[in-house]
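**Q** Can you read through this structure? Questions will come right after.
Bear in mind these aren't lab numbers, they're just calculated from the coordinates by the rules spelled out. If you're wondering where the values come from, they're calculated on a predicted model, not measured in any experiment. So basically every Cβ, Gly included, is an ideal-geometry build from the backbone, and we count neighbours across all protein chains shown.
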Amino acid sequence: MLKTITLDCDEVLYNCISYGLRLVNADYGIDVVKDWYDLGEKTQELVELFASKDFYKYEPIYKGSQEFVSRLSQIADIYIATALPEEYKEIRLERIRKDFPEIKLENVFFMEDKSSVNTMFFVDDAVHNIKACKAKYPILMQRPWNENEKDFIKVKSYNEILKIVSTFK
């Protein structure tokens, strides 16, 4: 039996925040977000951008994410838990199908509340999701907004995730 792992999409596989900042940030000078309050007046622009279908249609994947998913699929059944609103479901499913063909589309779940995630591993960048999930081994993907968190297994790279998943039985 393969291990099971759930991955968040935005900020684990897709580069959401940096891409959004590039689009709204030509004259603002913020390239790293540690907190939504860092954005000041640009917060609303970014929120509006996240409500655009084109944003998700063209959102870039992280470098190395395709190789990571390919390697991970050899040692674990992969699930996706994404907080993307239902109205963007078809765009997200098409992107996953194209970008990560190893992930079965029936394993993609649209959920804002990730407390029901109950796989062996769960990788997310949001501390509140890691705290709430029922995964045996929650893993926090380090990003600037969670870099000071110390209470979780925390990783900086896909290789670290692969090592952790390979280690556990």
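**Q** Would you pull out the residues with amide H under 5 Å of I61's amide H, same chain only if 5 or more places away, H placed 1.01 Å from N?
**A** Hits under the 5 Å cutoff: N15.
**Q** Turning to a different aspect of this structure: Students often get this wrong: which residues of region 95-119 have the backbone nitrogen under 13 Å from the point 7 angstrom along Cα-to-C-beta of H128?
**A** Those under the cut-off are 112-115.
**Q** What is the set of long-range amide H partners of D125 at a cut-off below 5 Å, with H atoms built 1.01 Å from backbone N?
**A** It is M141, by chain and number.
**Q** Still on this structure: Rounded, prolate or oblate: which fits region 48-90, taking a ≥ b ≥ c as square roots of the Cα gyration tensor eigenvalues, rounded meaning a/c under 1.5, else prolate when a/b beats b/c?
**A** Oblate shape, in that a/c is at least 1.5 and b/c is the bigger or equal ratio.
**Q** Once amide H atoms are placed 1.01 Å from N in the peptide plane, what residues at a sequence separation of 5 or more from V108, or on another chain, have their amide H within under 5 Å of its amide H?
**A** I80
**Q** Within region 93-120, find all residues whose amide N lies under 15 Å from a label point positioned 7 Å from the Cα of I61 along Cα-to-beta-carbon.
**A** Label zone hits: 93-105.
**Q** Among [x] 0.95; [y] 1.14; [z] 1.02, only one was calculated for this model; which label is it, if the read-out is Rg/Rh (Cα atoms, Kirkwood Rh)?
**A** Answer by label: [x].
**Q** Among the DSSP beta bridges whose two residues both lie in the chain, what percent are antiparallel, rounded to the nearest 5? The partial results should precede the final answer.
**A** On the way: 1 of 20 bridges.
About 5 percent, rounded to the nearest 5.
**Q** I need the shape label for region 122-169. Rule: rounded when a/c is under 1.5, else prolate if a/b > b/c, else oblate, with a, b, c from the alpha carbon gyration tensor.
**A** Numbers: a/c = 2.25, a/b = 1.27, b/c = 1.78.
Since a/c reaches 1.5 but b/c is at least a/b, the shape of region 122-169 is classed as oblate.
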